[in-house]
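Inspection log for the structure reproduced underneath, given as structure tokens.
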Amino acid sequence: MRRNPEGVESRPYERFTLTPVTPFIGAEISDIDLRDPSEEQIEDVRRALLEWKVVFFRDQPISSLNHRDFAAHWGELEVHPLLPQGEVPAVVRFERGEDSPGTENIWHVDVTWTKTPPLGSVLRAIDVPPAGGDTLWADMGNAFDCLPDEIKDLIDGKDAIHDFVPSFGRGMSPEKLEQMKEQYPPVLHPMVRKHPETGRKTLFVNSLFTTHIPDMDPVEGNDLLNLLFAQVKVPDFQCRFKWAPNSIAFWDNRATQHYAASDYFPHRRVMERVAILGDRPF
């Protein structure tokens, strides 16, 4: 296992304090104010994101506008077509509680059912349960690297179908479902994508949106996908973050999968997320 692609050496961070969560994925960044970061700090956060795949900030009393503006340093922002917005456009609000249990407890990559899934997401905790409600991230570079060679050779260069219907489509009316299927038909993505900034190969199938491998026997393809979905669950590839109010996580959607533990029912958990538009996987 490795943190960086071959040939890339770690360098110290001098404009803030960085504390690793695990040796390979996840780091907490302190001594920075996300309401007014310097351009030099933004560049170092960019480098930390590529190196650690997900970075965390605590005690950041930012507004929804601050949240949007911080995410905008990385590119154009997504307006999600199927999730409710918060006070500010591009801010998605997740309110969970007794009347709305958590449903994000499945390993996934955000919005892979579009042609250009997000580059990354910035998630902010507003209200958290007294215990539970952690989020986990898995490193898809190490997940790919640690597959058997014959499996890597089999999937590298092969495509799989991603579709919103098995997840978001379940609660839609027939009319709404047909409208969304016309707007967002199933899309082909490589099963192994190359990170556009680091060049590292990462496993790019997820159990929420990847439905099948079109050029394989359905049974064999399903068995292969289940093997790859199980690879994501290996704890060695993961880090875990315990939320507190004003905590923030910023993850690279091109290099990770994540899982929000829904173990806090009936307590309340309120989060807001801003996603940055990405490019077409290759």
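Here are the numbers for the structure shown:
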| quantity | calculated |
| --- | --- |
| Single residue of the stretch 233-269 satisfying the filter (in contact with a strand residue (DSSP E or B) (Cβ under 6 Å, 6 or more places away or on another chain) and basic (Lys, Arg)) that is surrounded by the fewest Cβ atoms within 10 Å (Cβ to Cβ) | ARG240 |
| Any hit, the stretch 100-120, residues being of a type in the set (Lys, Arg) and either assigned to a loop (DSSP other than H, G, I, E, B) or outside the structural domain of ILE248 (by the TED database) (or both) | yes |
| Test: residue in the stretch 56-77 that is at pLDDT 95 or above and in contact with a Ser or Thr (Cβ under 6 Å, 6 or more places away or on another chain) | yes |
| Single unsatisfied condition, GLU87 versus (1) at pLDDT 95 or above; (2) surrounded by fewer than 20 Cβ atoms within 10 Å (Cβ to Cβ) | (1) |
| Qualifying residue in the stretch 123-141 (condition: in contact (Cβ under 8 Å) with a residue 60 or more places away in the chain, in a helix (DSSP H, G or I) and closer than 29 Å to PRO20 by Cα) | yes |
| Failed condition for PRO129, given (1) open to solvent by less than 10 Å² (accessible area, probe 1.4 Å); (2) farther than 20 Å from GLY199 by Cα | (1) |
| Tally, over the stretch 148-201, of residues that are under 18 Å from the mean Cα position of the chain (by Cα) and among the hydrophobic types (A, V, I, L, M, F, W, C) | 4 |
| Hey, GLU182 free of Cβ contacts under 8 Å to residues at least 40 places away in the same chain, within 19 Å of LEU147 (Cβ to Cβ) and not small (Gly, Ala, Ser) or not | no |
| Residues of the stretch 2-32 satisfying the condition of being loosely packed, with under 15 Cβ neighbours inside 10 Å and either touching a strand residue (DSSP E or B) at 6+ places or on another chain (Cβ under 8 Å) or farther than 21 Å from ASP236 by Cβ (or both) | GLY7, GLU9, ARG11, PRO12, GLU14, THR17, THR19, PRO20, SER30, ASP31 |
| Residue under evaluation PHE282, criteria (1) surrounded by 14 or more Cβ atoms within 10 Å (Cβ to Cβ); (2) farther than 16 Å from PHE94 by Cβ; (3) of a type in the set (Phe, Trp, Tyr), criterion not met | (1) |
| Candidates GLU95, GLU40, filtered to the one that is open to solvent by 20 Å² or more (accessible area, probe 1.4 Å) and closer than 28 Å to PRO5 by Cα | GLU40 |
| In the stretch 62-78, the residues that are closer than 20 Å to ILE126 by Cα and open to solvent by 70 Å² or more (accessible area, probe 1.4 Å) | LEU65, ARG68, ASP69 |
| Test: LYS152 is open to solvent by 10 Å² or more (accessible area, probe 1.4 Å), among the basic types (Lys, Arg), part of a loop (DSSP other than H, G, I, E, B) and modelled with pLDDT of 95 or more | no |
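The values are calculated or read from the model by the stated rules, or taken from the named source; none is laboratory data. Note that the structure is predicted; figures quoted are calculated from it, not measured. Please note: Cβ atoms are built from the backbone with ideal geometry, for glycine as well, and neighbour counts cover all protein chains shown. When the accessible area is computed, the model is the full protein with side chains, heavy atoms only, and any ligands, DNA or RNA have been set aside. Shrake-Rupley method; radii C 1.70, N 1.55, O 1.52, S 1.80 Å.
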